[in-house]
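Report on the following structure.
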Amino acid sequence: MWLFACLFFLIILQVNGSELTLNVKEQFDRHGIITDMLNSAPEEFIQVSYPTGQVILGNELTPNQARGEPRVSWPNDPTKMYTLIMIDPDAPSYDNPKFREWLHWLIVNIPGNKISSGEILADYRGPQPPKRTGFHRYVFLVYEQKQKINTKDQTIISRESISGRAGFRVNIFAKKNKLGNPIAGNFYFAQNQE
């Protein structure tokens, strides 16, 4: 039944774009994402799919479902470049987010939505919420770049590394790189099952 409801919801989202735009803003606001990490909600919906689950504006996935790198796409102009960021604003917990924001994925200079042609600054690291910390929000954001981001002196964060992930600030990164507000977004909840 849950799978059918998710599929029905996706069909509605794909048929009626205006509802989709409204839902992204409403859901980001409803779940405190704007208050906790952004100046403005994105307008567009990022399609995010894992082999065993879709991300649909606040649905729940298990950490195992989101272990591997997802397929991601968004409305884009193939002549422009984009930045894709995945963040957990609830590290180590929603009630005590002292490591806010935890960086899970960062790719810049993406032509259109050809992620494999972008420059990775932080390899994808799936959700690993600590035990007994409740639900965490995992937020995907896309920014349209006004210019190419210089990655020459950037340290690349490997999948295994946690160095450079805690305390990442989306707004500071966006301001430093003249990105403005995110143009597209999506998010899901996950918690440690133990």
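The values are calculated or read from the model by the stated rules, or taken from the named source; none is laboratory data. All of these numbers come straight from a predicted model, not from anything done at the bench. Every residue, glycine as well, gets a Cβ built from its backbone with ideal geometry; the counts of neighbours run over all protein chains shown. Ligands, DNA and RNA are stripped out before the accessible areas are found, and what is left, the full protein with its side chains, is counted by its heavy atoms. Shrake-Rupley method; radii C 1.70, N 1.55, O 1.52, S 1.80 Å.
Here are some notes:
- Flag for ASP90 being touching a residue at least 24 places away in the same chain (Cβ under 8 Å), open to solvent by less than 70 Å² (accessible area, probe 1.4 Å) and more than 19 Å from ASN150 (Cα to Cα): yes
- Test: residue in the stretch 126-138 that is under 15 Å from VAL72 (Cα atoms), of a type in the set (Ser, Thr, Tyr) and outside any loop (DSSP other than H, G, I, E, B): yes
- Selection of the stretch 91-127 for residues being modelled with pLDDT under 95 and either within 16 Å of MET37 (Cα to Cα) or of a type in the set (Ser, Thr, Tyr) (or both) yields ALA91, PRO92, SER93, TYR94, ASP95, ASN96, PRO97, LYS98, PHE99, ARG100, GLU101.
- Some residue of the stretch 108-120 being part of a strand (DSSP E or B), closer than 15 Å to VAL48 by Cα and β-branched (Val, Ile, Thr): no
- All helices (runs of 4 or more DSSP H) inside the stretch 2-74 with 2 or more residues being within 27 Å of ASN192 (Cα to Cα) and at pLDDT below 50: 2-15
- The stretch 143-176, residues that are open to solvent by 20 Å² or more (accessible area, probe 1.4 Å) and in contact with a Phe, Trp or Tyr (Cβ under 8 Å, 6 or more places away or on another chain): GLU144, ARG159, ALA166, GLY167, PHE168
- Residues in the stretch 70-103 that are under 16 Å from the mean Cα position of the chain (by Cα) and closer than 21 Å to ALA166 by Cβ: 13 in all.
- Out of ASN59, ASN96, sole residue that is out of contact with any Pro (no Cβ under 8 Å at 6 or more places or on another chain) and open to solvent by 40 Å² or more (accessible area, probe 1.4 Å): ASN96
- Scan of the stretch 116-135 for residues that are open to solvent by 30 Å² or more (accessible area, probe 1.4 Å) and under 18 Å from PRO70 (Cβ atoms), ordered by number: SER116, SER117, ILE120, ASP123, ARG125, GLN128
- The residues in the stretch 39-53 that are farther than 18 Å from ILE183 by Cα and either surrounded by fewer than 16 Cβ atoms within 10 Å (Cβ to Cβ) or in contact with a strand residue (DSSP E or B) (Cβ under 7 Å, 6 or more places away or on another chain) (or both) can be counted, and the count is 3.
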